[in-house]
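Colleague: This is the structure I have questions about; it appears just below.
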Amino acid sequence: MENKHPIRCIVVDDEHPAIRLLSSYIKKIPNMQLVLRTTEATEAIQTIKNGMADVVFMDIQMPKVTGMEMLELIKDSGIMVVLTTAYSAYAVKGYEHDVVDYLLKPITFDRFLLAVSKAKLRIETKLATRYNGHLTLKTAYKVMRVEFDAILYIEGLGDYVICHTTTGRITTLERLKHMEAALPDSSFIRIHKSYIVNMKKISYFEKGKFVIAGNHLPIGDTYRSTVKTKFGHS
């Protein structure tokens, strides 16, 4: 499914020439919107956590908060990350964090376009999944189609997730943040670093936990404000 809304971009780098270059590239590309250009990683992190951006182009070697530290802080946000740096040594580490692409400086417009294409593909794939009404999950032996309505909750276990459904459990090699991005936020909510729940399947709230099919799922401190906004619980 084609994304008709502008792709909102952040550029964060401690060097102003680099910021100007990438900002000029973004302005040349249709359907790309620059929402923030900054030398402050903390400002970028806040914008990302507020859900105001889709893609961040960020340098690795920055003062105060490095790019790698920033990756850890935004790893559950669902944002697409493109790393930019003059040092190739960080490439492997970057891909461990599932970044979209890794751009070595000096960055040409053609190479930048390739990174943007990769980011757009991920965004369109995410949108298509949301509107299809189901997830496609790979297990050790088969590929399974799981309707959103059949999902009770999803549990994250590092690089794996367990999808708890009305008919059983499905374990797949995937990260919870990717599942969160693929699910419609009208029906699903992240309540903990390890849990996404189907709001339609919540039986009741008790002692700081949601109960689904007899399972008591805790609300993490990071997600309390979101949960309170949705349900009025704290």
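Colleague: Could you please find all residues in the stretch 135-149 being closer than 19 Å to residue 200 by Cα and either exposed (fewer than 12 other Cβ atoms within 10 Å of the Cβ) or touching a helix residue (DSSP H, G or I) at 6+ places or on another chain (Cβ under 8 Å) (or both)?
Modeller: So the first thing to find is which residues in the stretch 135-149 are closer than 19 Å to residue 200 by Cα, and the list is 135, 146-149.
Answer for the stretch 135-149, where residues must be closer than 19 Å to residue 200 by Cα and either exposed (fewer than 12 other Cβ atoms within 10 Å of the Cβ) or touching a helix residue (DSSP H, G or I) at 6+ places or on another chain (Cβ under 8 Å) (or both): 135, 149.
Colleague: Within the stretch 211-232, restricting attention to residues that are of a type in the set (S, T, N, Q) and without any contact (Cβ under 8 Å) to a residue 24 or more places away in the chain, which residue is nearest to residue 49 (Cα to Cα)? Talk me through it step by step, then tell me what you get.
Modeller: Looking only at the stretch 211-232, we keep the residues that are of a type in the set (S, T, N, Q), and these are 215, 222, 225-226, 229.
Adding the requirement that they be without any contact (Cβ under 8 Å) to a residue 24 or more places away in the chain leaves 225, 229.
On the way: 225: 12, 229: 15 Å.
Residue satisfying both the conditions and the ranking: 225.
Colleague: Condition check: modelled with pLDDT of 85 or more and either farther than 16 Å from residue 7 by Cβ or crowded, with 17+ Cβ neighbours inside 10 Å (or both). Does residue 56 satisfy that?
Modeller: Numbers: modelled with pLDDT of 85 or more: yes; either farther than 16 Å from residue 7 by Cβ or crowded, with 17+ Cβ neighbours inside 10 Å (or both): yes.
Yes.
Colleague: Being assigned to a helix (DSSP H, G or I), surrounded by 12 or more Cβ atoms within 10 Å (Cβ to Cβ) and within 24 Å of the chain's Cα centre (by Cα), is that true of even one residue in the stretch 203-221?
Modeller: First pass over the stretch 203-221, keeping only residues assigned to a helix (DSSP H, G or I): 221.
Next cut, surrounded by 12 or more Cβ atoms within 10 Å (Cβ to Cβ) only: none.
Within the stretch 203-221, none of the residues are assigned to a helix (DSSP H, G or I), surrounded by 12 or more Cβ atoms within 10 Å (Cβ to Cβ) and within 24 Å of the chain's Cα centre (by Cα).
Colleague: Kindly provide the set of residues from the stretch 5-27 that are closer than 14 Å to residue 115 by Cβ and open to solvent by 40 Å² or more (accessible area, probe 1.4 Å), ordered by number.
Modeller: 21
Colleague: Sticking with this one: Quick one: in the stretch 28-50, of everything that is within 18 Å of residue 69 (Cα to Cα) and among the aliphatic types (A, V, I, L, M), which residue is surrounded by the most Cβ atoms within 10 Å (Cβ to Cβ)?
Modeller: Initially, the stretch 28-50 is screened for residues within 18 Å of residue 69 (Cα to Cα), giving 38-49.
Adding the requirement that they be among the aliphatic types (A, V, I, L, M) leaves 41, 44-45, 48.
Numbers: 41: 23, 44: 27, 45: 19, 48: 23.
Here the residue is 44.
Colleague: Output the residues belonging to the stretch 82-101 that are modelled with pLDDT of 80 or more and either more than 19 Å from residue 17 (Cβ to Cβ) or surrounded by fewer than 20 Cβ atoms within 10 Å (Cβ to Cβ) (or both). Give the derivation first.
Modeller: Filtering the stretch 82-101 for residues modelled with pLDDT of 80 or more gives 82-86, 99-101.
Within the stretch 82-101, 86, 99, 100, 101 qualify.
Colleague: Ok, one more. Of the residues 73, 104, 152, which is more than 28 Å from residue 220 (Cα to Cα), open to solvent by 20 Å² or more (accessible area, probe 1.4 Å) and at pLDDT 85 or above? Spell out the reasoning first.
Modeller: On the way: 73 fails: more than 28 Å from residue 220 (Cα to Cα); 152 fails: more than 28 Å from residue 220 (Cα to Cα).
The unique qualifying residue is 104.
Colleague: Based on this model, can you work out whether residue 175 counts as open to solvent by 60 Å² or more (accessible area, probe 1.4 Å), at pLDDT below 85, in contact with a Gly (Cβ under 9 Å, 6 or more places away or on another chain) and closer than 24 Å to residue 81 by Cα?
Modeller: Working: open to solvent by 60 Å² or more (accessible area, probe 1.4 Å): yes; at pLDDT below 85: yes; in contact with a Gly (Cβ under 9 Å, 6 or more places away or on another chain): yes; closer than 24 Å to residue 81 by Cα: yes.
Answer is yes for this residue.
Colleague: In the stretch 183-202, what residues are surrounded by 20 or more Cβ atoms within 10 Å (Cβ to Cβ), out of contact with any Asp or Glu (no Cβ under 6 Å at 6 or more places or on another chain) and over 14 Å from residue 216 (Cα atoms)?
Modeller: Matches in the stretch 183-202: 183, 188, 189.
Colleague: While we're on this one: Would you please list the contacts, defined by Cβ atoms under 6 Å and residues six or more apart or on different chains, that run from a residue in the stretch 34-61 that is farther than 11 Å from residue 12 by Cα and part of a helix (DSSP H, G or I) to a residue that is open to solvent by less than 10 Å² (accessible area, probe 1.4 Å) and of a type in the set (Ser, Thr, Tyr)?
Modeller: Listed by first residue and then by second, the contacts come to nothing, as the list is empty.
Colleague: With the structure loaded, tell me whether residue 30 is free of Cβ contacts under 8 Å to residues at least 12 places away in the same chain and in a loop (DSSP other than H, G, I, E, B) or whether it fails that test. Steps first, please.
Modeller: Working: free of Cβ contacts under 8 Å to residues at least 12 places away in the same chain: yes; in a loop (DSSP other than H, G, I, E, B): yes.
In short, yes.
The values are calculated or read from the model by the stated rules, or taken from the named source; none is laboratory data. Note that the structure is predicted; figures quoted are calculated from it, not measured. All Cβ positions, glycine included, derive from the backbone under ideal geometry; neighbour counts span all protein chains shown. Surface accessibility is based on the protein's heavy atoms, side chains included, excluding ligands, DNA and RNA. Shrake-Rupley method; radii C 1.70, N 1.55, O 1.52, S 1.80 Å.
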